[in-house]
Amino acid sequence: MIVESDLFRRLRLHYGFTARFCNPNAGKEKGNVEGKVGYTRRNFFVPVPEVDDLQDYNRGLAETLDAHSEEQLHYERGLSWADLFQADKAHLLPLPKKPFDVVKWASCTTDGYGRIALDGCHRYLASPSLACVSLTVGVRAFTVEIDAPDGTPLRTYRRRSGKLFTSDEDPLALLEPLSTRARAFMQSSVCALFDEDVRDAFGSMATDELKGQVKVISRLAQAYGMGITAQAFSEALRATRKMRPADVEMCCARIRAQGTRTKAARELGTRLADYDGFMLGGGDRDGQAAAEG
C-alpha cells in the first residue's frame, strides 16, 4: 500500500499533477532519470564540495548548471539543452501565481522564558511575555517562523542544525520588557550589540534617562533593524558626543539610504553646525563670504 507524505500530497495538489510510483529497488524502470543523476554527480559533485553556506552554494550551482545547459548540444538535434528546455516550456501549463510553501507546521509550547525548542537542542525566543503557551511554528529549510497566538507572524529566525546546543534571541523580543527594567539592559544580549563607547555612555546614565534610551532603541530597531540602530548610536556619539534621539534617527535614515560614512567622507563633508554659526552671526567672514558666493 502506497501512503503519500502530507508535504508531497500538498505539493501535488498545489501544482496539479498526478503521481505514478515505481517499484522499490527497481532502478531500471526509470533508467534515464538514474542516468542523469549519475551524470550530475560525476560532473558537479566530484570531488565532494565543501559548503559553508548552503543557500549561497545552491545559487552558484544553479548558475553553473544553466551555463552548462547552454553549452551542451543534443546529440541528434544539434540544439543546446537550454534551447530544448525552452521549447518544452512553451507546451507546459502555467504555474500557479503563488509558489508552493515548503513548510512543516507544528505546535510548540514555550518554556518559562518564552522560548520554543526544536530538534531537542535548538531554542528560539518568541517573547518573554509568552511563557508556557502553545504557539504555531513553521519549520522551513532555512528559517523558523514563530506565529503569535492570533496567527500573525511574530519572529523569524535562521534555522539551526547540528547536535550542539544553540539559543537565538531577536533583540526586538527583549526590548519591551527591558524598557521597564533599564539596569537589566546593561547585562542583556541587546546591549552587547553596541560598541564599547556606546555601552559606556549607557552605563553613565541615570535610570530614567536609560529607560528613555531603551524605548528609543526599541522604536528605531522596529523601523530600521537592530544592526542599523547600533551603527547609528555609534555615529551620533562620535559626531556630537551625545546620543540625542533626533540625531540617532537621522543617522538611521542616512545609513539605510547610503551606508556608514567613512572617515574621509566625514572630513570632506559639510558641517551643518557651521551654518548655525553663520545664522547666529558667528563664524569667520571669509567662510561666510564663501558660503554666500
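The values are calculated or read from the model by the stated rules, or taken from the named source; none is laboratory data. Every value quoted in this text rests on a predicted model; they were computed, and no experiment measured them. Every residue, glycine as well, gets a Cβ built from its backbone with ideal geometry; the counts of neighbours run over all protein chains shown.
Data table
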read-out: Test: residue in region 25-34 that is under 26 Å from Arg140 (Cα atoms), free of Cβ contacts under 8 Å to residues at least 24 places away in the same chain and either outside any helix (DSSP H, G or I) or not assigned by TED's automatic domain parsing to the domain that holds Gly162 (or both); value: no
read-out: Qualifying residue in region 20-27 (condition: surrounded by 10 or more Cβ atoms within 10 Å (Cβ to Cβ) and in contact with a His (Cβ under 6 Å, 6 or more places away or on another chain)); value: no
read-out: Test for Glu4: is it surrounded by 10 or more Cβ atoms within 10 Å (Cβ to Cβ), of a type in the set (Asp, Glu) and in a loop (DSSP other than H, G, I, E, B); value: yes
read-out: Residues of region 109-132 that turn out to be over 19 Å from Glu176 (Cα atoms), assigned to a loop (DSSP other than H, G, I, E, B) and either in contact with a Cys (Cβ under 6 Å, 6 or more places away or on another chain) or aliphatic (A, V, I, L, M) (or both), as a count; value: 0
read-out: Criterion violated by Gly151 - all others in (1) without any contact (Cβ under 8 Å) to a residue 40 or more places away in the chain; (2) out of contact with any Phe, Trp or Tyr (no Cβ under 6 Å at 6 or more places or on another chain); (3) on the phi < 0 side of the Ramachandran plot satisfied; value: (3)
read-out: Qualifying helices (runs of 4 or more DSSP H) (wholly inside region 153-257; at least 1 residues being under 21 Å from the mean Cα position of the chain (by Cα), surrounded by 15 or more Cβ atoms within 10 Å (Cβ to Cβ) and among the polar types (S, T, N, Q)); value: 207-224, 226-240
read-out: Subset of region 120-135 [more than 20 Å from Leu174 (Cα to Cα) and either modelled with pLDDT of 95 or more or not hydrophobic (A, V, I, L, M, F, W, C) (or both)]; value: Gly120
read-out: The listed residue being of a type in the set (A, V, I, L, M) and without any contact (Cβ under 8 Å) to a residue 12 or more places away in the chain, out of Leu118, Leu84; value: Leu84
read-out: Unique match (being among the aliphatic types (A, V, I, L, M), at pLDDT 90 or above and over 30 Å from Gly162 (Cα atoms)) among Leu93, Leu13, Leu61; value: Leu13
read-out: Subset tally (residues that are part of a loop (DSSP other than H, G, I, E, B) and farther than 30 Å from Cys121 by Cβ) for region 81-108; value: 10
read-out: Count of region 68-92 residues which are hydrophobic (A, V, I, L, M, F, W, C), touching a helix residue (DSSP H, G or I) at 6+ places or on another chain (Cβ under 9 Å) and loosely packed, with under 11 Cβ neighbours inside 10 Å; value: 0
read-out: Residue that is nearest to Thr18 (Cα to Cα) [pool: residues in region 93-126 that are among the polar types (S, T, N, Q) and surrounded by 10 or more Cβ atoms within 10 Å (Cβ to Cβ)]; value: Thr109
read-out: From the options Arg59, Arg12, Arg41, residue that is in contact with a Ser or Thr (Cβ under 8 Å, 6 or more places away or on another chain), of a type in the set (Lys, Arg), part of a helix (DSSP H, G or I) and under 28 Å from Ala141 (Cα atoms); value: Arg12
read-out: Residue that is in contact with a Phe, Trp or Tyr (Cβ under 7 Å, 6 or more places away or on another chain) and closer than 28 Å to Arg160 by Cα, where the choices are Val51, Val103; value: Val51
